[in-house]
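Novice: I'd like to ask you about the structure that follows.
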Amino acid sequence: MLGVRRQVPVAFHGTGAGDGELAWGQRAIWQAMHWLGDGNHFFNLARTITVPAGRGMAEVCAALRQVVERTEGLRTRFPGYPDDPRQQLHPEGTLDLVVHEVAQAADVDSAAEELARRLRGQVFRHEQEWPLRVGVVCRQDVPARLVLVISHLCVDGAALRQLCGDIAAALAAGGLGGADQAEPDGSATGPLALAQAESDPAGQARSTAAMRHWRSALTATSHSIFDFPTVTPDDPRFAGLTLESAALAVAAEHIAGRLRVTSSSVLLTAIAALLGHYTAHDQVTLQIIAANRQPELRATVAPLAQNGMFTTSVAGSPFDAAVRKVLRSSLDCFRHSAYDPRDLAALLEQVRVQRGAHPDREAFFNDARPDGRWSALPQLDPTPENLSRLREDTRLAVTDRYERLGIKSFWAVHPMADRAVLHLQVDTAYVPVATALLLMRGVEEIVVRAVHEPLILADLEGLTGVRPVRREEGWSRTAAGWAHVPSVAALVAGCPRLAASAVFADGGEAGPLVAYAVLAEPGLTVEDLHAELCAAVGERTDAVTPGHYVLCDSAPPPGSPLGDWQRQPVLAAGSGRPPQ
């Protein structure tokens, strides 16, 4: 579909130069991009802007030049990328504008879509490439669509909206004013200045307070809500489902107005209730994507969003009371959602060693609506009959597949004026597609029912058809969460520094999940053994390290009961954990 191609250089001359560490939001998204490696083009963001009538290529180039010159992030490269990047601001350079010509007006939009796919599908080489790729689709040499592909290392969702608004304003002004009338973002809110502010005492105090919140949440809940038997995953393993429902949006808005809360809280309540029901956990842990846009940072073109830690328990609660509780918990989450990702990494390692389990953080919620509302919903009284009619138009389908993602359950509310667009990505080893479809329908069912019924968040299987996971014989609840005892025993037995071992789910006075072991070589301490087993557990959700270790001088015959091990001479015993 794409026609003749040429390239137009757009030279820019901005102000300011320097280099420094990544800001917190940059570092957070870089970690996710680094984890995906060559597949991190998944994070590239694409947008298409209609070029106003009467604007030629000169005006398009002038508009781009203005916006790039006043936006520090677009003039930033990242030396050391991908392994240990810093940010380096350049005052000048050249942006290559790719121009495609199409013959027919009917081909303009499809050509723009194809160009966006091509530009988005390439990994950014951040150490030598600007974080913005731009293409123009022309007909008869007249620009019709401007295609932008921006690295997530440069923008988050809010910053992307700001950037597109700046470019649209510059195009509307013909490249002769508009965007350049505003102050450059580098004076106080550019990425370099932001990173400097985050490193000062006030910034560090904020990060420290956030870590107290995270520690409290991580140690008070299970190491994973997905601590249950997995199933054979699909190929590709990760599936995305999309629900489009005007009924869900109308119902959520009605409940939000009635309770004087946000519609986001209404949706999150239903999601948390269903996740807790499905995973058989009263306490549900999610990461919420927080915008972190304080008033002074509202127009900043930089990634500020980070993950906040959210926990709640709504099982058995009346729906209205649960919504109010979820709102309070989410506000607490947002208050502690800006922090140095290196502080979080250190905390996660401390928690991992202390609990003997990987702190699994692969359940997410992200309300991506700019203002958290729908602007063009059907104007009708939300009676049961009207909501039922709206539900007849609900659409639900599997819409995407991926080989590798760092999620087990990611719920997102996408912007759409006249309906709720709820997207769910799942790891099918933990959430099969058939279950995911029921979960999506279940959210709609719960919220629509709650408009007129005094709904209690109990017996959700009867209401939604979602069956809780079953933990069969061999699974035991530990201080860190559920664990498959035979898997733990196999991990311990696999330690090459042990000659014999046994793990007991009920260790008597020593507590649950106790390991008895005989050393294959002298000198191994309880602390050493715990450290080795922590490494062996890795990121598994079915296994934790034993809560107590007993190193014996000798072993009874294989398969002996706990009493026989308790009669062996003891060399050392303890939890292996550092003192708290």
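Novice: Under a 1.4 angstrom probe, counting protein chains only, how are ILE456, ILE289, ILE255 ranked by accessible area, largest first?
Specialist: Numbers: ILE456 80, ILE289 45, ILE255 0 Å².
I get ILE456, ILE289, ILE255, largest accessible area first.
Novice: Please compute one quarter of the surface area of the Cα convex hull for segment 95-142 and express it in square nanometres. Working shown, then result.
Specialist: On the way: hull surface 13.9 nm².
Mean orientational projected area (segment 95-142, Cα hull): 3.5 nm².
Novice: What's the magnitude of the charge dipole for segment 430-580 around its Cα centre, counting Lys and Arg as +1 and Asp and Glu as -1 at the beta-carbon? Answer in Debye, nearest 20.
Specialist: Roughly 120 debye, rounded to the nearest 20.
Novice: So what's the angle, to the nearest 10 degrees on a 0 to 90 scale, between helix 319-335 and the longest Cα principal axis of the chain?
Specialist: It works out to around 80 degrees.
Novice: Can you work out the Karplus-derived ³J(HN,Hα) for every residue in segment 89-105? Use 6.51 cos²θ - 1.76 cosθ + 1.60 with θ = phi - 60°, whole Hz, and x for glycine or proline.
Specialist: After applying 6.51 cos²θ - 1.76 cosθ + 1.60, I find 8, 10, x, 8, x, 9, 9, 8, 9, 8, 10, 10, 9, 10, 8, 10, 4 Hz.
Novice: Turning to a different aspect of this structure: Compute the projected area of the convex hull of the Cα atoms of the chain, averaged over all viewing directions, and report it in nm² to one decimal place. Provide the component values of the computation, followed by the final result.
Specialist: Values: hull surface 118.7 nm².
That works out to 29.7 nm², a quarter of the Cα hull's surface.
Novice: In debye, nearest 20, what is the charge dipole magnitude of the chain about its Cα centre with +1 on Lys and Arg Cβ and -1 on Asp and Glu Cβ, if you could check?
Specialist: Values: 53 positive and 66 negative charges, 139 e Å.
Around 660 debye, computed over the chain.
Novice: Against the longest principal axis of the chain, how steep is helix 433-450, in degrees 0 to 90 to the nearest 10, with axes from Cα atoms?
Specialist: Approximately 80 degrees, to the nearest 10.
Novice: What is the dipole size for segment 399-519, taken about its Cα centre, with +1 at each Lys and Arg Cβ and -1 at each Asp and Glu Cβ, in debye to the nearest 20? Each step should come with its number before you reach the end.
Specialist: Numbers: 11 positive and 13 negative charges, 65 e Å.
Dipole about the Cα centre, nearest 20: 320 debye.
Novice: When you count, for each residue, the other Cβ atoms within 10 Å and take the mean per peptide, how do 159-166, 379-386 rank with the highest first? Mind dumping the intermediate values first?
Specialist: On the way: 159-166: 19.6, 379-386: 11.8.
Result, highest mean Cβ count within 10 Å first: 159-166, 379-386.
Novice: Roughly how many percent of the accessible protein surface of the chain is carbon and sulfur, given a 1.4 Å probe and a whole-percent answer? The partial results should precede the final answer.
Specialist: Values: 12570 of 24490 Å².
Reported share for carbon and sulfur atoms: 51 percent.
Novice: Could you tell me the extents of segment 251-320's C-alpha atoms along the three principal axes, largest first, rounded to whole Å?
Specialist: 42, 28, 13
Novice: I've got another one for you. Quick one: compute the contact order of segment 450-528, relative version, from alpha carbon pairs under 8 angstrom and 6+ residues apart, as a percent. Walk me through the numbers on the way to the answer.
Specialist: On the way: 75 pairs, mean separation 14.5, N = 79.
Here the relative contact order equals 18 percent.
Novice: State in Å² the accessible area per residue of the chain; use a 1.4 Å probe, count heavy atoms of protein chains only, and round to the nearest integer. Please list the in-between numbers first.
Specialist: Working: 24490 Å² over 580 residues.
For the chain, the solvent-accessible area averages 42 Å² per residue.
Novice: Okay, moving on. Compute the label zone of ASP564 within segment 477-494: residues whose backbone N is under 16 Å from the point 7 Å along Cα-to-Cβ.
Specialist: none
Novice: Let me ask something else about it. Give the relative contact order (percent, whole number) for the chain; include only Cα pairs under 8 Å separated by 6+ residues.
Specialist: Numbers: 1189 pairs, mean separation 86.1, N = 580.
Taking the mean separation of contacting Cα pairs over the length of the chain, I get 15 percent.
Novice: Along the positive direction of the dipole of the chain (beta-carbon charges: Lys, Arg +1; Asp, Glu -1; about the Cα centre), which of LEU97, THR221, ALA429 reaches farthest?
Specialist: LEU97
Novice: What angle, in degrees between 0 and 90 and rounded to the nearest 10, separates the Cα long axis of helix 57-70 from the longest principal axis of the Cα atoms of the chain?
Specialist: Its long axis makes an angle of about 50 degrees.
The values are calculated or read from the model by the stated rules, or taken from the named source; none is laboratory data. This is a predicted model, so every value here is computed, not measured. Neighbour counts are summed over all protein chains in view; Cβ atoms, including those assigned to glycine, are modelled from backbone coordinates with ideal geometry. We work out accessible area using only protein heavy atoms, side chains counted, and drop any ligands, DNA or RNA first. Shrake-Rupley method; radii C 1.70, N 1.55, O 1.52, S 1.80 Å.
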